[in-house]
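The block underneath contains the structure these notes are about, expressed in structure tokens.
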Amino acid sequence: QVQLVESGGGLVQAGGSLRLSCVASGRTFSRHTMGWFRQAPGKDRECVTFITWNGGTTYYSDSVKGRFTISRDNAKNTVYLQMNSLKPEDTAVYYCAAGAIGWAAREASYNYWGQGTQVTVSS
């Protein structure tokens, strides 16, 4: 079992930055591909980014490419999402996910989810 706890969300003005953190319990963290998803009101949950177990491969959705950066520290069981140049359309609940099997940009690929952290970007 893996438990995930996100933090770092909040209210920020457009153009600002936030860094989200996701701390995982369990000794198998370092083996997992980790992903960040988001869900805006009235919309489906979408993949923002993911990172493979050793950081060797990362993926970003087109909407965040060049603005967001995912990283991980396996010694701390933590994955980060640095979000720069935030836009109002980035407003959503952001979820951390672990344990992807198959294509890691698919929500259904993940076994473990955090409770989410709200990010609100004002214009």
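Highest first, please rank the peptides 43-49, 11-17 by the mean number of other Cβ atoms sitting within 10 Å of their residues.
Numbers: 43-49: 16.4, 11-17: 12.6.
Order by mean packing, descending: 43-49, 11-17.
Residue-wise HN-Hα couplings along the stretch 117-123, as the Karplus relation 6.51 cos²θ - 1.76 cosθ + 1.60 with θ = phi - 60° gives them from phi, are 9, 7, 10, 10, 10, 8, 8 Hz; Gly and Pro carry x.
In the chain, the portion of solvent-accessible area held by carbon and sulfur atoms comes to 46 percent [1.4 Å probe, whole percent, DNA, RNA and ligands not counted].
Would you list which lysines come within 30 Å of residue 43, measuring only between C-alpha atoms, while excluding same-chain residues fewer than 8 positions from it? Output for residue 43: 65, 87.
Using the empirical formula 2.2 N^0.38 Å as the baseline, the Cα radius of gyration of the chain reaches a ratio of 0.97.
The magnitude of the dipole of the chain, with charges of +1 and -1 set on the Cβ of Lys/Arg and Asp/Glu and taken from the Cα centre, is near 240 debye. What net charge do the residues around residue 84 carry, taking every other residue with its C-beta under 15 Å from that of residue 84, with Lys and Arg at +1 and Asp and Glu at -1? Here the count lands on +2.
Among residues other than residue 100 with Cβ under 12 Å from its Cβ, the summed charge is +1 (Lys and Arg +1, Asp and Glu -1).
Could you do me a favour and compute the accessible area per residue for the stretch 1-83, 1.4 Å probe, result in Å²? Mind showing how you got there, number by number?
Working: 4400 Å² over 83 residues.
Dividing the accessible area of the stretch 1-83 by its residue count gives 53 Å².
Taking amide H as placed 1.01 Å from N in the peptide plane, residue 72 has its amide H under 5 Å from the amide H of 80, each at least 5 places away in sequence or on another chain.
The values are calculated or read from the model by the stated rules, or taken from the named source; none is laboratory data. What you see is a predicted model; the values in this text were computed from it and never measured. Reconstructed Cβ throughout: ideal geometry from the backbone, glycine too, with neighbour counts over all protein chains shown. In case anyone asks, the SASA skips ligands and DNA or RNA and just uses the protein heavy atoms, side chains included. Shrake-Rupley method; radii C 1.70, N 1.55, O 1.52, S 1.80 Å.
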